[in-house]
Amino acid sequence: MALLFAFNLSLMAQDKEPFWLGADISGTTELEAQGVQLRNSKGEIRESTALMKELGLNAIRLRVWVNPHDGFCNAQDVLDMAKRARYYGMAIMIDFHYSDWWADPGKQNIPMAWQYGSMWDMKQYVRNHTADVLSLLKKNNIEVKWVQVGNETTHGFLWPMGKAEASMQNYAELTQAGYEAVKSVYPHAKVIIHLDGGCDAARYDFIFDGLKQYGAKWDIIGMSVYPYWDIDAQLTKNYKETIKGFTNSIKRLYKKFGTPSMVVETGVEAKKPVEGKKIMTEIIKASKENCENHCEGVFYWAPEAEGAYPLGAFDNHQPTAIMDAFTEAATR
């Protein structure tokens with residue numbers, strides 16, 4: 001009997017998923033086209049995906065644009081990057097923007113090819129685009145673990161038709177179209193609905209109450225957790241308030257909706273690597289230990305980005321101390 005109990009415990013341990021430590025490196029091929037070479041801390045040249053694996057990450061997030069003017073982050077480009085993640089045995093998250101370019105709380109522009117569609121048309125566009133991209137990946141033997149139906153849809157997406165404040169029902173129906181398309185290709189992939197400002201309870205209640213009211217489904221609540229932007233938006237006064245806020249949100253949302261959460265975007269100031277590592281370490285630790293096992297992972301957004309973007313984690317194309325927070329977390 002004792003041997004059987006031990007065997008069952010062993011099986012449970014094998015079935016338990018790791019805590020996911022990831023990064024959005026969607027800009028990989030664009031950087032390569034510019035001639036940028038990344039290096040590890042020893043100065044050795046590394047391809048971006050290989051470097052993330054070396055730093056201890058076990059997952060990669062890739063965005064999809066509908067018809068980007070330069071081809072980067074279209075379906076074929078995403079497939080090329082996903083093949084690299086597959087080679088290194090890393091789990092893959094696909095992030096649909098449903099736009100030809102950036103989609104976020106300040107802009108959710110309808111793709112040019114979809115401009116004159118009715119609501120019925122728009123649902124078909126979402127459904128077909130989602131299924132087409134995922135089918136391409138599946139045909140190439142890419143396993144997709146998570147799919148975001150929209151990026152930072154704090155106010156909905158595909159504006160003005162799918163703006164949540166104008167028509168929550170439209171937003172919910174468009175979301176459900178995406179959800180169904182995901183499940184038609186990858187039945188076991190987890191669908192993520194992603195908002196910004198993880199510390200702000202009101203925006204999560206607004207969107208997820210609305211989605212539930214109109215019958216839309218999701219599997220995971222995705223959060224952006226950026227102390228830098230929270231302080232700038234006067235949501236919090238310091239990084240500790242951001243951490244307390246998003247962890248409280250995760251626990252409360254699980255009790256309310258019964259679904260776990262994930263930090264699908266985070267970042268700290270690249271020019272303050274020592275302080276940044278401390279903050280990042282606390283974000284990861286809080287996600288693992290303070291959320292009652294309802295947070296499934298943490299993804300850094302564009303760690304390799306430098307220049308105008310202030311929240312990367314590289315300097316002179318090498319990882320700073322900020323990325324040590326992930327390396328150290330991977331060994332615990």
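All of the numbers you see were taken from the coordinates with simple rules; none came from a lab. What you are looking at is a predicted structure, and each value in this text was computed from that prediction instead of being measured. Here Cβ is always computed from backbone atoms with ideal geometry, including for glycine, and neighbour counts include all displayed protein chains.
Observations, loosely collected:
- The antiparallel fraction among DSSP beta bridges confined to the chain stands at about 15%.
- 3J(HN,Hα) along the stretch 95-106, derived from phi through the Karplus expression 6.51 cos²θ - 1.76 cosθ + 1.60 where θ = phi - 60°, amounts to 10, 7, 8, 6, 7, 7, 8, 4, 10, 7, x, x Hz, with x in place of Gly and Pro.
- Residues with amide H under 5 Å from that of Val147, placed H, sequence gap 5 or more: Ile94, Lys190, Val191, Ile192
- Computed from backbone phi, the HN-Hα couplings of the stretch 58-75 come to 10, 8, 10, 10, 10, 8, 10, 9, 6, 9, x, 5, 9, x, 5, 6, 7, 4 Hz, rounded to whole numbers (Karplus: 6.51 cos²θ - 1.76 cosθ + 1.60, θ = phi - 60°; Gly and Pro given as x).
- Applying a DSSP loop filter and a limit of 15 other Cβ atoms within 10 Å to the GluC sites (Glu not before Pro) in the stretch 156-196 leaves Glu165.
- MRE, 222 nm, helices only [DSSP H, n ≥ 4, -39500 (n - 2.57), over the chain, to nearest 500]: -13500 deg cm²/dmol
- Straight-line reach from Lys212: taking Cα to Cα under 13 Å and skipping same-chain neighbours fewer than 8 places apart, the aspartates and glutamates in range are Glu173.
- Averaging the sequence gap over all C-alpha pairs within less than 8 Å and six or more residues apart, then dividing by the number of residues, gives the stretch 63-187 a relative contact order of 28 percent.
- Cα lying deepest toward the dipole's positive end in the stretch 129-204, options Asn141, His188, Met161, charges on Cβ: Asn141
- DSSP-loop trypsin sites (Lys or Arg not before Pro) across the stretch 209-316, with at most 12 other Cβ within 10 angstrom: Lys237, Lys271
- Mean Cβ count within 10 Å, highest first, over the residues of peptides 114-124, 187-197, 74-84: 187-197, 74-84, 114-124
- Sites Ala201 and Tyr87 - FRET efficiency at Förster radius 56 Å, r taken between beta-carbons, to 0.05: 0.90
- For the chain, taking a cut-off of 4.7 Å between Cβ atoms, the unpaired cysteines are Cys73, Cys199.
- In the list (i) 19.4, 67; (ii) 19.6, 79; (iii) 20.9, 63, the label attached to Rg and Dmax of the Cα atoms in Å as derived from the coordinates here is (i).
- Listed residue pairs exceeding 20 Å between alpha carbons, taken from Lys16/Lys217; Lys107/Lys272; Lys244/Lys271; Lys255/Lys288: Lys16/Lys217; Lys107/Lys272; Lys244/Lys271
- If you take all other residues with their beta carbon under 12 Å from the beta carbon of Asp205, and give Lys and Arg +1 and Asp and Glu -1, the sum is +2.
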